[in-house]
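One structure below.
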Amino acid sequence: MKYMKANDPTPPAPSARRPALAWLPNALTRARLYALPVLWVLAFLQLPQAVAIGAAAAAFTDVLDGVLARRLGVTSRRGGALDSLADHLLSISLVVWLVMLRSEFFREQGLPLSLWSAFALGVLVLGWMRRRQPVNLHLYSAKVAGTVGYVFGLLLLYTGTYSRAFFAAALALATLAALEALIVILARRTDGHGGSIFLPPRRGRGTAAAGASHMEGAEADER
């Protein structure tokens, strides 16, 4: 039987080594946050096309940072919170930029937009009352509606015109997403729904996901 010498200069191999690009996902998220003041300046200068291009680039980093974080295995609660903050600030800013630079659209479509906004706000308030915290159900319908709505907003901002059929489709998807969220909240099915009430629950995934979330939170706290 061989024993390791006390003066052996060879260090033990690390059990886990962080990837060389582990810093990149959070750097992309921070870049999205840092771009917001620049885009606001462009909006005040009445440059809607420049704002649209910048917002589209920011949206691309939103997709890229999540993909990289999962591929590199560096997802964490802290990174998710930073990404969520950047997403919400960018989405809210896009709406305000549209009001500032494409106000005629809101004059034309004020009624349907007001009705949907009231319904969506009611769902958010109900979710807060049920859970005492903001509700983020990660439903597929919300992701699809958000993507379509964002593309519609970027095209409207860039061109100054819009397709009524595209607007109707985007509004219908947003309404369906809010309706599905309402059903999930009322049924108290906030875990293990597989991303949609129209899909069967994924057995055994809820507990594993909860455990993984807990571990990620602990790792984030340690860092």
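The values are calculated or read from the model by the stated rules, or taken from the named source; none is laboratory data. Just so we're clear, the structure is a prediction, and the values are computed from it rather than from any experiment. Positions of Cβ are generated from backbone atoms using ideal geometry, with glycine treated the same way; all protein chains shown enter the neighbour counts.
Rundown of residues vs (1) within 22 Å of the chain's Cα centre (by Cα); (2) outside the structural domain of A59 (by TED's automatic domain parsing), yes/no style:
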position	(1), (2)
R70	yes, no
G73	yes, no
S76	yes, no
L94	yes, no
Q109	no, yes
W116	yes, yes
A120	yes, yes
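Among the candidates F60, F105, F44, the residue that is surrounded by 15 or more Cβ atoms within 10 Å (Cβ to Cβ) and farther than 25 Å from R17 by Cα is uniquely F105. Within the stretch 41-71, the residues that satisfy the criterion of being in a loop (DSSP other than H, G, I, E, B) and out of contact with any helix residue (DSSP H, G or I) (no Cβ under 8 Å at 6 or more places or on another chain) are L45, L47.
Going by the structure shown, is A187 more than 28 Å from L94 (Cα to Cα), among the aliphatic types (A, V, I, L, M) and either modelled with pLDDT under 85 or not assigned by TED's automatic domain parsing to the domain that holds A50 (or both)? I'd like the intermediate steps shown before the answer.
Numbers: more than 28 Å from L94 (Cα to Cα): yes; among the aliphatic types (A, V, I, L, M): yes; either modelled with pLDDT under 85 or not assigned by TED's automatic domain parsing to the domain that holds A50 (or both): yes.
Judged against the criteria, A187 is a match.
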